[in-house]
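The values are calculated or read from the model by the stated rules, or taken from the named source; none is laboratory data. Quantities reported herein were computed from a predicted structural model and do not represent experimental measurements. Here the Cβ positions follow ideal geometry from the backbone for every residue, glycine too, while neighbour counts run over all protein chains shown.
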Amino acid sequence: MSELRKMKCVPCEGGIARMPLRDARKLVAKLRGWRLVKGTVLRQELVMKDFPKAIGFIRAIARTAEAEGHHPDLHLTGYRNLAIEISTHAIGGLSLNDFILAAKIDALPRKLK
């Protein structure tokens, strides 16, 4: 995982192939608490300590995502249930960028229930 955190997302406007499922399975195994959804999305579900901690974590994710130029889908429900979904929209599936961003999100401090 630390090798992914050291990498930088590269711009993707499409025109590249999706990551093969076997490669995605190998990489997701290196991440903490992420799973593959339909082989095209990385998803992590967290129960945050409370609403302010959830919003603080979303802000930290936003800063990281903006610095990488790669943006996840964030879903906050029930005031502290946070779901994070990452995929490369331009190719309709997973790329190395998704795993880089997930590893960087894993490194962020968080307050869970």
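T77 meets each of the listed conditions (1) touching a helix residue (DSSP H, G or I) at 6+ places or on another chain (Cβ under 9 Å); (2) surrounded by fewer than 20 Cβ atoms within 10 Å (Cβ to Cβ); (3) of a type in the set (S, T, Y) apart from (1). Here F99, F51 are screened, and the one residue that is closer than 28 Å to D23 by Cα and among the aromatic types (F, W, Y) is F99. Being at pLDDT 85 or above and hydrophobic (A, V, I, L, M, F, W, C) is the filter; apply it to the range 1-21 and report the residue that is farthest from V41 (Cα to Cα). The qualifying residue farthest from V41 (Cα to Cα) is M7.
For the condition of a type in the set (K, R) and touching a strand residue (DSSP E or B) at 6+ places or on another chain (Cβ under 6 Å), what is the one hit in R22, R63, R18, R5?
R18
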